[in-house]
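This report refers to the structure that appears directly beneath it.
The values are calculated or read from the model by the stated rules, or taken from the named source; none is laboratory data. Keep in mind it's a predicted model, so treat the numbers as computed, not measured. Please note: Cβ atoms are built from the backbone with ideal geometry, for glycine as well, and neighbour counts cover all protein chains shown. Quick note on the areas: whole protein, heavy atoms, side chains included, nothing else; ligands and nucleic acids left out. Shrake-Rupley method; radii C 1.70, N 1.55, O 1.52, S 1.80 Å.
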Amino acid sequence: MAAPPPPGSLPPPLDSAAATRLPATEQPNPAYRELYQAYADAYGSIGRLRRALDPAVRTLGGTDAWLGPEARQWGGRLDAERATLHKAADTILWDIYDRLSATRRTIPRV
């Protein structure tokens, strides 16, 4: 699974100037603004999550202090968990992206 497109690929929330140009029956959707900000925040920080196990992988691969079948088995599990973490990071982003893409930028004025 690939990461979703960056936040800039989606229309930004309406600013106050754009909101004044809306029809009288429409107003900016606050839920869209919140989701957009959540997506931008998550997209900007998800790399830290993806890299969380990198130091352990480097340590295991960069030393011969621990060798043998147990070390290889543990290293294999570490690699599998690292792949799971990458997939989870992408899933988080896709979930927010899909929700944001399905949310209207405007809502009817009540």
Can you list residue pairs whose Cβ atoms sit under 8 Å apart, with the first residue in the range 14-42 being assigned to a helix (DSSP H, G or I) and buried (at least 17 other Cβ atoms within 10 Å of the Cβ) and the second being among the basic types (Lys, Arg) and at pLDDT 95 or above? Count only pairs 6 or more apart in sequence or on different chains. Tyr32/Arg104; Tyr32/Arg105; Leu35/Arg99
Quick check on the range 100-109. Is at least one of its residues basic (Lys, Arg), in a loop (DSSP other than H, G, I, E, B), loosely packed, with under 14 Cβ neighbours inside 10 Å and at pLDDT 95 or above? yes
Pair list, Cβ < 9 Å and 6+ apart or interchain, from the range 43-67 residues that are on the phi < 0 side of the Ramachandran plot to residues that are among the hydrophobic types (A, V, I, L, M, F, W, C) and open to solvent by 70 Å² or more (accessible area, probe 1.4 Å): Ile46/Ile92; Leu49/Ile92; Leu60/Trp66; Leu60/Trp74; Trp66/Trp74
Long-range neighbours under 7 Å by Cβ, at least six apart or interchain, first residue farther than 11 Å from Leu49 by Cα within the range 78-95, second open to solvent by 70 Å² or more (accessible area, probe 1.4 Å): Leu93/Tyr43
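Considering only residues that are open to solvent by 80 Å² or more (accessible area, probe 1.4 Å) and either part of a helix (DSSP H, G or I) or under 26 Å from Pro5 (Cα atoms) (or both), which ones fall in the range 50-83? Even if it seems obvious, please write down each step before you answer.
At the first step, the residues of the range 50-83 found to be open to solvent by 80 Å² or more (accessible area, probe 1.4 Å) are 51, 58-59, 64-67, 69-70, 72-74, 77, 79, 81.
Selection gives Arg51, Arg58, Thr59, Pro69, Glu70, Arg72, Gln73, Trp74, Arg77, Asp79, Glu81.
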